[in-house]
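Read the structure below first, then the notes.
The values are calculated or read from the model by the stated rules, or taken from the named source; none is laboratory data. Here the structure is a predicted model, which means the values were calculated and not measured. In this analysis, Cβ positions are derived from the backbone assuming ideal geometry, glycine residues included, and neighbour counts consider all displayed protein chains.
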Amino acid sequence: MSCPYQCSHEVEQMCKVTKGANHGPAPIPEEGKWVKSKQISDISGLTHGVGWCAPQQGACKLTLNVKDGIIQEALVETLGCSGMTHSAAMASEILPGKTLLEALNSDLVCDAINVAMRELFKQIVYGRTQTAFSENGLPIGAGLEDLGKGLRSQVGTMFSTLEKGPRYLEMAEGYVLEIGLDANSEIIGYKFVHLGKMMEAIRKGVAPAEAFEANVKSYGRFDEAVKKIDPRKE
């Protein structure tokens with residue numbers, strides 16, 4: 001039987017030797033099962049990937065929940081680039097419903113998001129997912145758990161100079177209002193407002209000033225501080 005593809009003259013002149021070994025792919029862990037993946041529909045799992053653009057001006061964290069090769073859920077978080085937020089909006093519309101292979105070969109508008117998709121694809125098809133050993137994986141909507149209460153990304157923003165030292169601007173807990181210093185002018189705590197909870201309260205009709213005060217908290221030994229400064233002004 002001739003080969004259905006074009007072969008070189010040298011290959012055409014070779015005699016046929018039977019290929020004996022055919023053990024198939026090695027099994028990978030997927031949602032509590034060992035799966036011999038042969039096609040995209042064999043792939044399931046929830047995991048994360050991080051990407052960056054060529055000038056490294058911004059970064060993207062992408063979370064996908066994949067069932068039977070189809071993306072069912074996408075969480076797109078971006079940092080450091082204003083244009084990337086709009087790209088993320090488009091990517092959130094593009095990704096669900098696509099197969100992993102389609103998504104890998106789709107223009108997700110921003111290089112950082114495209115790179116995140118590439119990195120995430122490699123993890124998923126190699127069985128390196130967050131749900132590799134979780135029976136039946138995680139339900140659709142599990143990605144929102146990364147955001148916590150208030151449904152905001154966990155962001156850390158710090159600025160520091162040799163001349164004046166560090167300034168905490170935003171922590172996972174929220175927007176930093178003041179940082180507390182001890183007698184040596186070292187940071188020992190901070191006061192913050194949880195923006196997500198504050199905005200939820202305002203949307204429910206709570207007066208802005210009241211919502212603000214209700215969501216101001218402190219961390220560390222802030223109450224023991226000798227001096228408290230506004231990191232954006234002092």
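Side notes on the structure shown:
- Glu213 being crowded, with 16+ Cβ neighbours inside 10 Å, part of a helix (DSSP H, G or I) and charged (D, E, K, R): no
- Residue within the stretch 208-219 that is in contact with a helix residue (DSSP H, G or I) (Cβ under 8 Å, 6 or more places away or on another chain), within 21 Å of Gly156 (Cα to Cα) and not small (Gly, Ala, Ser) present: yes
- Within the stretch 195-219, the only residue that satisfies the criterion of being closer than 20 Å to Arg167 by Cβ and modelled with pLDDT under 95 is Leu195.
- Residues in the stretch 162-202 that are among the small types (Gly, Ala, Ser), more than 23 Å from Val226 (Cα to Cα) and within 24 Å of the chain's Cα centre (by Cα): Ala172, Gly196.
- All strands (runs of 3 or more DSSP E) inside the stretch 140-194 with 1 or more residues being touching a helix residue (DSSP H, G or I) at 6+ places or on another chain (Cβ under 9 Å) and β-branched (Val, Ile, Thr): 174-181, 187-193
Yes or no, residue by residue, for (1) assigned by TED's automatic domain parsing to the domain that holds Leu62; (2) in contact (Cβ under 8 Å) with a residue 12 or more places away in the chain; (3) among the β-branched types (Val, Ile, Thr):
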position	(1), (2), (3)
Glu163	no, no, no
Ile179	no, yes, yes
Ile188	no, yes, yes
His194	no, yes, no
Glu213	no, no, no
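- Of all residues in the stretch 26-43, those that are farther than 14 Å from Tyr126 by Cβ have Cβ atoms under 8 Å from Cβ atoms of residues that are among the aromatic types (Phe, Trp, Tyr) and assigned to a loop (DSSP other than H, G, I, E, B), 6 or more apart or on another chain, in Gly32/Phe133.
- Filter result for Leu169 (of a type in the set (A, V, I, L, M) and touching a strand residue (DSSP E or B) at 6+ places or on another chain (Cβ under 6 Å)): yes
- Residues within the stretch 174-186 that are out of contact with any Leu (no Cβ under 6 Å at 6 or more places or on another chain) and crowded, with 16+ Cβ neighbours inside 10 Å, tallied: 5
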